[in-house]
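This report concerns only the one structure given below.
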Amino acid sequence: MAREGIPSAILLDALGTLVELETPWPHLLDELASRGVVVSEEAARAAMLAEMAYYRAHHDEASTWAALKDLRRRCSAVVQEQLATALPLADVEDALLAAVRFRAYPEVPGVLAHLRAAGARLAIVSNWDISLHDVLERTQLRALVDVVVISAELGAAKPDPTIFRAALQRLGATASDAVHVGDSVEHDVAGARAAGIEAVLVARNGAGAPDGVRVVASLDGLLLT
């Protein structure tokens, strides 16, 4: 164990745990308007939700930057079709990428710094495409963790225990040394348990957890013993 009763290895989900997606359709409205296209907020919302559903179904295909470029083009085509706009696809893509913005939850940088100062080694374990590397750099979180394991790069996604075991191997830790912290019962809690790792559920919306699973309202709950 690290100091202060903190596990020596802590695995962390990304979206919903460390970072959040800003509501994208107001940004899409602004980006389209700047390109001379006016749509309703309802239409922008519907287009973004369709794009997000397509992205979730295909993000693990983007294991290289070339594959990510292709995925982004296909996601942009979903938006273009939903909006029935004559705006060129390249311009729709620029608007879409500008509308998708991530930010770290306010408490996260301080908590990660505290955990590392207490001796814990930290790994991000995320179902994401290769662009997570850029997101972590932009949100200034990459320097605060030791390892980043991305489903698209590894070829295995949560709740498959393979991705958790890969993180443990890269940290030089065992399951008994570790906890995994995430916001999804289906992907984080179930996957961690399948890998023999204690799970902690981040329930920012107040959701409950299965019996025996610790629940925290935000990441700074990890510092409470």
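Got a number for residues in segment 1-44 being among the hydrophobic types (A, V, I, L, M, F, W, C) and closer than 26 Å to A104 by Cβ? Let's see the steps before the verdict.
Going residue by residue through segment 1-44, those that are among the hydrophobic types (A, V, I, L, M, F, W, C) are 1-2, 6, 9-12, 14-15, 18-19, 21, 25, 28-29, 32-33, 37-39, 43-44.
Then keep just the ones that are closer than 26 Å to A104 by Cβ; that gives 2, 6, 9-12, 14-15, 18-19, 21, 25, 28-29, 44.
Of the residues in segment 1-44, 15 are among the hydrophobic types (A, V, I, L, M, F, W, C) and closer than 26 Å to A104 by Cβ.
Can you name the residue in segment 57-91 that is within 27 Å of S40 (Cβ to Cβ) and of a type in the set (G, A, S) and, of all such residues, is surrounded by the fewest Cβ atoms within 10 Å (Cβ to Cβ)?
That would be A86.
Out of all the residues in segment 191-219, which are surrounded by fewer than 19 Cβ atoms within 10 Å (Cβ to Cβ), touching a Lys or Arg at 6+ places or on another chain (Cβ under 8 Å) and of a type in the set (A, V, I, L, M, F, W, C)?
Result: A217, single match.
When the residues of segment 120-156 are filtered to those that are over 21 Å from A99 (Cβ atoms) and without any contact (Cβ under 8 Å) to a residue 24 or more places away in the chain, which remaining residue is surrounded by the fewest Cβ atoms within 10 Å (Cβ to Cβ)?
Only one residue fits best here, namely A143.
Residues checked against (1) crowded, with 17+ Cβ neighbours inside 10 Å; (2) in the same structural domain as Q169 (by TED's automatic domain parsing):
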position: L12; (1), (2): yes, yes
position: R35; (1), (2): no, no
position: V39; (1), (2): yes, no
position: A43; (1), (2): yes, no
position: A50; (1), (2): no, no
position: Y55; (1), (2): yes, no
position: L96; (1), (2): yes, no
position: E107; (1), (2): no, yes
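The values are calculated or read from the model by the stated rules, or taken from the named source; none is laboratory data. Just so it is clear, the structure is predicted and the values come from calculations on it, not from any experiment. Cβ: placed from backbone, ideal geometry, glycine included. Neighbour counts: every protein chain shown.
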